[in-house]
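Enquirer: Okay, here's the structure, questions in a sec.
The values are calculated or read from the model by the stated rules, or taken from the named source; none is laboratory data. Just so you know, these numbers come straight off a predicted model, no measurement behind them. Here the Cβ positions follow ideal geometry from the backbone for every residue, glycine too, while neighbour counts run over all protein chains shown. Protein only, heavy atoms only, side chains kept; ligands, DNA and RNA dropped before computing areas. Shrake-Rupley method; radii C 1.70, N 1.55, O 1.52, S 1.80 Å.
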Amino acid sequence: MQQHLVLEEDGERKRTPFLDISDRVHNPLFPGDERGLLGFAFDPKFNENGHFYVNYIDKDGNTAVSRFGMDGILGDISSERILLQLEQPYSNHNGGCMEFRKDGYLYISVGDGGSTGDPEKRAQNLGVLFGKILRIDVSGDKGYTIPHNNPFVGDVNVKPEIWSYGLRNVWRFSFDALTQDMIMGDVGQHLWEE
């Protein structure tokens, strides 16, 4: 998938992909195919470290959350470091939104894994990451760590990345500028969206 940057070279404007990872991202096959490039977020300290994060469905149907670095003014495709990889059970309900909150942590939406009615009850299962909002600390150089004040830290039966659960497919969210409350767009079923 490509994000374009307009560059000037010898006074001529050219469209140049900021990041071309089409060799590893699932290419949607039909209208409504929910896979592909799903989320993108710049590190709060991007001007210092050059890091940015991408959430996509790979060619094997897995969710990949990766960190990339820069090569000059373009994303460096060879710098990819996969932080999280989840084997998706179905082709829909992949979530994919990512944002940094003022606390500096990266929040990631992961859908319930798909099909109708969450047949394996993943959204309520605290032992899996599907149907959740995750919160991780990516400030270090080695992958990610778990914020000490995540709600389930210390409970060995719960994935410590979980910040919120019981969700169907939060495809977009944002944080209120004043309160920092999360506002989410979740997918409904049959009657209405949430």
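Enquirer: Residues that are open to solvent by 40 Å² or more (accessible area, probe 1.4 Å) and not small (Gly, Ala, Ser): which strands (runs of 3 or more DSSP E) entirely in segment 34-94 hold 2 or more of them?
Expert: 37-42, 62-71, 74-87
Enquirer: Just checking, does segment 6-20 include any residue being assigned to a loop (DSSP other than H, G, I, E, B), of a type outside the set (Asp, Glu), at pLDDT 75 or above and surrounded by 12 or more Cβ atoms within 10 Å (Cβ to Cβ)?
Expert: no
Enquirer: Now, a different point. With respect to the numbered conditions (1) assigned to a loop (DSSP other than H, G, I, E, B); (2) in contact (Cβ under 8 Å) with a residue 24 or more places away in the chain, which one is the sole condition not fulfilled by residue 119?
Expert: Exception for residue 119: condition (2).
Enquirer: For segment 124-154, which residues satisfy the criterion of being small (Gly, Ala, Ser) and within 19 Å of residue 92 (Cβ to Cβ)?
Expert: 131
Enquirer: Criterion first (over 30 Å from residue 190 (Cα atoms), crowded, with 19+ Cβ neighbours inside 10 Å and not basic (Lys, Arg)) does residue 136 satisfy it?
Expert: Values: over 30 Å from residue 190 (Cα atoms): yes; crowded, with 19+ Cβ neighbours inside 10 Å: yes; not basic (Lys, Arg): yes.
Against the criterion (over 30 Å from residue 190 (Cα atoms), crowded, with 19+ Cβ neighbours inside 10 Å and not basic (Lys, Arg)), residue 136 qualifies.
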